[in-house]
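Take a look at the structure below.
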Amino acid sequence: VDNIVQLPSGELMQFEVKHKYPFERDGELFFGINKGQLGVMQDLAWCGIDTLHMILVKPKWTDNLSPGYLLHDPSLRSQVLLVGYRLDARKMQALRNSAGGTSANKTSLDGRRTLNYVNVAVENFQLIGSLDDPLAELASKISLAADGLLTSPISADILKSAQVVK
């Protein structure tokens, strides 16, 4: 669990932030959510704590780079997108019943095990902004996303336009 915050409404919500890039399957883009992590999120939801699952989308779609470049290369800040998906117990249950796969060992904590994940179509996520946006604007959009009021769905085209291709 990354963070549990209290919203102005008094509601508690988990804010989770990951850094990754989408993967393509059958011509569509997806993000993966680890099934173990999804189980923890669902346990929280049963206690009344929903999750805002946020992703800093890596503009370089490769595993050969340390994620440090996301914050240390100012020339890429406008291409590091922040997207979010508000998940409640109903959405999490639907995800648990959906298709997924098994990740490579590199994605586990110790680098020795595989992890099971579910596929989440990128269109389920809302575009919050980029690392180049003013902090007040990002904070405002995170608040809207947490309340389920942000209406700027991400698309494969938007993600691909922010991708850095060598």
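Coordinate-derived values only; no laboratory data. These figures come from a predicted structure and were not determined experimentally. Virtual Cβ from ideal backbone geometry, glycine too; neighbours counted across all protein chains shown.
Pairs of Lys residues in the chain that lie 8 or more places apart, or on two chains, and have C-alpha atoms under 22 angstrom apart add up to 27.
Charge dipole (Cα centre; +1 on Lys/Arg Cβ, -1 on Asp/Glu Cβ; no other charges) of the chain amounts to roughly 540 debye.
Between ALA136, ALA121, ALA89, the Gaussian network model of the chain with springs among Cα atoms under 10 angstrom shows the greatest mean-square fluctuation at ALA136. Close amide H contacts of LYS18 (hydrogens built in the peptide plane, cut-off under 5 Å, sequence separation of 5 or more or a different chain): MET54, ILE55, LEU56.
The calculated FRET efficiency for LEU71 paired with SER98, based on their beta-carbon distance and R0 = 35 Å, is about 0.65. Backbone N atoms of the stretch 121-146 closer than 15 Å to the 7 Å Cα→Cβ label point of ASP157 belong to residues 123.
The value for the stretch 1-88 of Rg(Cα) / (2.2 N^0.38 Å) is 1.24. Working note: 222 nm ellipticity from helices only, DSSP H runs with n ≥ 4, each -39,500 (n - 2.57), summed and divided by the residues of the chain, gives -7000 deg cm²/dmol to the nearest 500.
Applying a length cut-off of 15 Å (Cα extent along the axis) and a mean Kyte-Doolittle floor of 1.0 to the DSSP H helices of the chain leaves 135-146. For the pair SER9 and TRP46, the difference between a 0.36 nm per residue extended length and the Cα-Cα distance amounts to 11.4 nm. Which residue fluctuates most in the GNM of the chain (Cα springs below 10 Å): ASP132, ASP73, ASP50? Greatest mean-square fluctuation among the candidates belongs to ASP73. Computed from the alpha carbon atoms alone, the convex hull of the chain holds 122 Å³ per residue. Taking a sphere under 11 Å around the Cβ of LEU70 and counting the other residues whose Cβ falls inside, with K and R at +1 and D and E at -1, yields a net charge of +3.
Here the simple spin-label model places points 7 Å from the Cα toward Cβ, and for LYS166 and GLU123 these points are separated by 3.3 nm.
Taking amide hydrogens as placed 1.01 Å from N in the peptide plane, the amide H of ILE128 sits under 5 Å from those of LEU82, VAL83, GLY84, each at least 5 positions away in sequence or on another chain.
When you filter the trypsin sites (Lys or Arg not before Pro) in the stretch 108-162 for DSSP loop state and at most 11 other Cβ atoms inside 10 Å of their Cβ, you are left with ARG112, ARG113. In this structure, the amide hydrogen of LEU29, modeled 1.01 Å from its nitrogen in the peptide plane, lies closer than 5 angstrom to those of VAL122, counting only residues at least 5 positions away or on a different chain.
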